[in-house]
Amino acid sequence: MIVEKPMWLRHAGLQIFSLDVQPSGLRFATAGGDHKVRIWNMKPLGERDSDSSASVNKLLATLRDHFGSVNCVRWAKCGRLIASGSDDQVILVHERRPGSGTTEFGSGEPPDVENWKVLLTLRGHTADVVDLGWSPDDTLIASCSLDNTVRVWQAATGSPVTVLTGHRSLVKGVTWDPIGSFLATQSDDKSVIIWRTSNWGLVQRVEGPYDKTVGSTFFRRLGWSPCGHFIATTHGFQNPSHTAPVLERGEWLASFDFVGHNAPVVAVRFNHSMFRKQVYTGNGAAAGTVINGASSKSKDALPYNVIAIGSQDCCISVWTTGSPRPVFIGKHFFTQSVVDLSWSPDGYTLFCCSLDGTVASFHFEAKELGQKISDSEMEEFKKSRYGDVRVRQVMLAESPAQLALEAAAAKQWGSVNPPAKTAEPASVPPPPPVVAVNGALGAEGAPKVAATEAASIPNGGGLVTSAPAKVIPSPVKQTEYRRPDGRRRIIPEPLGPPAGHEGLFGNGVMHDPQPEIPNVPTSDFRKNVDEKREYPGKAVVAKESDAENKRSLPEECTRGVDVPAAKRSNNNTAFSETGAAAPAAHPSSAPEAFGVGINSNPPASIAMVQQADMITPLERISSMKGVLSIRTQAPEDAVIQAPITLESRLIESSDNLGSIVGAGGTTLKRESLAKAEVVCSQAGVVRWHDRLSSIPTALAGNFNFWAVACSDGTLQIYTMAGRRSQLSMMLGSPAAFMDCNQQGWRLLLVTKEGSLYLWDLQESKLLLHESLSPLLSPSSVNENSKSNGLLKVVSARLSRAGAPLVVLANQHAFLFHLNMHCWLRVADDGFPASNFVTTWPEVSAPAETGELALLQAGVTGAAGKNFIWNRSSLEEEKWQTRVHLEVQMSAAQALQSASEYRRFLLAYARCLAREVDEARLRELCEELLGPTYVVDSSSPSRAPSKHDKNHHWNPEILGMKKRELLKSEVLPAMASNRGVQRLLNEFVDLLSECEVQQQILGQQ
């Protein structure tokens, strides 16, 4: 045995908490109290020639991205990624990039030989990260922390998988089962917990061997044997010695202990390989084998494991599971506790690090540890014990229907959960050949950008081969703050996904790119006049001198909704179909809100954040001498198909004079009562005009009627030919918003006093008279939507389904249910941690953009960065995601948006299937399936009872057949997780039975 303790391997004289050897054996990494991870060259450790060793670069790179002491560092099995956990509560994953590295300014250190950059930052722990480990296939990372939790992360994307909260005290060690079925953790609560990786359930809590433990250690680094049968744990005690208890797989009981240390055991590490002992004669020929001290010449010895143990007594010991005595005990090599251990890939060199800031290597010979068995023998050994490891975690399909639905789901949405035949283990290709150049390590033919290789990822109990995915970080800006202890911290704030990579952010169905709104200078914005650009349903305001060239918003700002009829006068992208006047040439892109209330104060205005909605207060309309204009399409049977325009203009003072002939024939002049003129034109030809004694504040109309609301609280209704079809309607307050449906006779109007009216003008009938006062509840109003007793409203219109829809200044949206006679909240910011919260509405097909999606995008945009950058726990995120989907389904149903309801139904079914929530899945399927019998009212025995929950079952929802939704959406979504396949098969059979009954009934 050769022992080496290089003096050049240091962390600025500070403690070294962890080390790990790269699987390729070319590098090893250390982590220390200087907040750095250092990557070292392995070659100088094996050099016996001092001259050649001096010419080799020993330190290859220094990773300086942590802000606290680095407690743990671990290489991925592929050898191309390295993860580290620190006191700064984050886990960083680094990858090597082409070229050489840099150095820290003012440190005096030479530039790094290799270029290692942060690939992923895993945030979620609320205390120091103590230990971490990669899963056997490199697809998951498990980390434990002093916050009493264990977190599991996706290694490809950094997204959290689960949070394990079974421990009652600080968790200080974690290790993976080499078979991939379990995860073991050890805590200060004197217990070891075994977790099942298929559903992250607690399998066993082991406490007996640790009841009598004394003292405390900062680490409890346990280890799993490469054969998968043993778990060596730490901090055991059997008077008078401290021990390392060993648990056996299956019963999870302590079968034996490694005894002999005089202080608590801190860390254990099994050798990656298994060994076989042979005894040789004096001439070198094998005389026989020894099995647990007994000689056998007829067969080879059984393989055994080798384990190293480090303790607070500053000693290390090396044992085998085939002998009751240690192979080696090392004393006086360290002056402080041994805290971490690692074996070289060949299995014959042990590395140890200590809190005294030193590292030692112990090179053993084959006659000391035995002969290392080959990789093929290792795989055959595992197969003989556990079966084929490649398909061990695959949950097999129990029926042909499961495979058929999986194939249908893969064809519809992509490879969500491929059939079992695709669940082959992803073979991680070997690392590229590496050569040493002047002591530095470089990859021959290394690609310019390193990417995570394909790997088998557990999904719903099965292994799914994931395609190679390049992780592209979101562009960020940084916010600096200082913690209570004075430490400086920088938090990145996401600015949205990179262009073309929307699929990397959550569910690709809901997370869509945000349209880029150009930053138009004020001077250019005011000059943006385009006669040819038409915006149906959008009101514009222009000076009288610009009547021929009316201003309008840039097309990029108004293309959110394709309004078929120009009956509205509001430019809100998300909800802009109201009847309030909107100036096109506003100097800012921030919307303004009307203040509505019961007092007579002037309307309040508030500037919101980056919305295209622009509502102008009444004073601005009356003081600008502008032009209100709306446009509607001509009827299909009209001779001229050009759009019809209705404009209201202020009358100049020169035209504001009338004449009257006195008794003596003298002509007297006096001011006319007319203050505004309404002109209807088509293709440049005036069809009719009228004069009003008050200034118009809002316009609305379709090809059935025109409506003009005035500042004196009156409302005029015109026919298409310009006849006044109604007497002046006295509202008692100026109109703040006005809207009408596309082809019917419904007119919606909201006054400045907060009264909402809905009329059927054809029948001269009031359909609804409601107040906006219920919307003043504290849950729906904040300082941005209420001021001086006024409710700030940015939009009031008819939804696409014909119901009143009101949007407040905080972008909370409320729909009035005409049958239930109450307001329903359809959009708010109550679920910031939901996976389906987005600020990027669909823009590829504006006419098809869902009404609910636009409303919700407005809410998230108004809520600001704190709403988007949310740090809720994983459990909170799961709960909010599920409840948010339930609320969105109900909102889509209230808005009668069939396409959105279908999308949220699919997302909800996949969410429940992923969480294996069988109770809610069953209830959802029963609701869509309905009665399983054929309803026949003529037969009393077959007629449904009044107490039957399916008595009033409607086979359709929003024009879609419920059973078709169950068949085409919900059941394929359930097929994505074989954990619910029995429930799936049950409803497949019920649905088939119902279809057969319907066919029989149709033939009769």
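Observations, loosely collected:
- Filter pass, Leu748 being part of a strand (DSSP E or B) and either free of Cβ contacts under 8 Å to residues at least 40 places away in the same chain or on the phi > 0 side of the Ramachandran plot (or both): no
- In segment 693-721, the residues that are crowded, with 22+ Cβ neighbours inside 10 Å and over 12 Å from Leu747 (Cα atoms): Pro696, Thr697, Ala698, Cys710
- If you go through segment 752-777 and keep only what is among the polar types (S, T, N, Q), within 41 Å of the chain's Cα centre (by Cα) and under 17 Å from Thr714 (Cα atoms), you end up with just Ser755.
- Among the residues of segment 959-982, those that are part of a helix (DSSP H, G or I) and without any contact (Cβ under 8 Å) to a residue 12 or more places away in the chain comprise Glu964, Ser968.
- Residues located in segment 872-896, provided they are surrounded by 23 or more Cβ atoms within 10 Å (Cβ to Cβ) and among the small types (Gly, Ala, Ser): Ala891, Ala892
- So Ser780, is it surrounded by fewer than 23 Cβ atoms within 10 Å (Cβ to Cβ), among the polar types (S, T, N, Q) and at pLDDT 85 or above: no
- Single condition Val73 does not satisfy, out of (1) at pLDDT 95 or above; (2) part of a loop (DSSP other than H, G, I, E, B): (2)
- Among the residues listed as Val750, Val793, Val806, the single one being among the hydrophobic types (A, V, I, L, M, F, W, C) and either at pLDDT below 90 or over 26 Å from Ala707 (Cα atoms) (or both): Val793
- Flag if Pro160 is open to solvent by 20 Å² or more (accessible area, probe 1.4 Å), farther than 18 Å from Ala254 by Cα, touching a helix residue (DSSP H, G or I) at 6+ places or on another chain (Cβ under 6 Å) and modelled with pLDDT of 90 or more: yes
- Criterion (within 20 Å of Ala31 (Cβ to Cβ) and open to solvent by 40 Å² or more (accessible area, probe 1.4 Å)) met by exactly one of Glu95, Glu104: Glu104
- When restricted to residues that are aliphatic (A, V, I, L, M) and more than 18 Å from Ser273 (Cα to Cα), segment 324-349 contains 3.
- Residue that is surrounded by the fewest Cβ atoms within 10 Å (Cβ to Cβ), among those in segment 292-322 that are modelled with pLDDT under 85 and outside any loop (DSSP other than H, G, I, E, B): Ala294
- For segment 929-950, the condition holds for no residue, the condition being that it is in a helix (DSSP H, G or I), acidic (Asp, Glu) and either within 22 Å of the chain's Cα centre (by Cα) or at pLDDT below 90 (or both).
- Residue match in segment 200-217 (condition: open to solvent by less than 10 Å² (accessible area, probe 1.4 Å), of a type in the set (Phe, Trp, Tyr) and not in a loop (DSSP other than H, G, I, E, B)): yes
- Per the listing Phe364, Phe334, the residue uniquely open to solvent by less than 20 Å² (accessible area, probe 1.4 Å), at pLDDT below 95 and in contact with a Cys (Cβ under 9 Å, 6 or more places away or on another chain) is Phe334.
- For Asp375: the one exception among (1) touching a residue at least 40 places away in the same chain (Cβ under 8 Å); (2) under 41 Å from the mean Cα position of the chain (by Cα); (3) open to solvent by 10 Å² or more (accessible area, probe 1.4 Å): (1)
- Looking across Leu120, Leu146, Leu132, Leu170, one residue alone is of a type in the set (A, V, I, L, M, F, W, C) and without any contact (Cβ under 8 Å) to a residue 40 or more places away in the chain. It is Leu146.
The values are calculated or read from the model by the stated rules, or taken from the named source; none is laboratory data. None of these values were measured; they are calculated from a predicted model. Positions of Cβ are generated from backbone atoms using ideal geometry, with glycine treated the same way; all protein chains shown enter the neighbour counts. All accessible areas refer to the heavy atoms of the entire protein, side chains included, with ligands and DNA or RNA removed. Shrake-Rupley method; radii C 1.70, N 1.55, O 1.52, S 1.80 Å.
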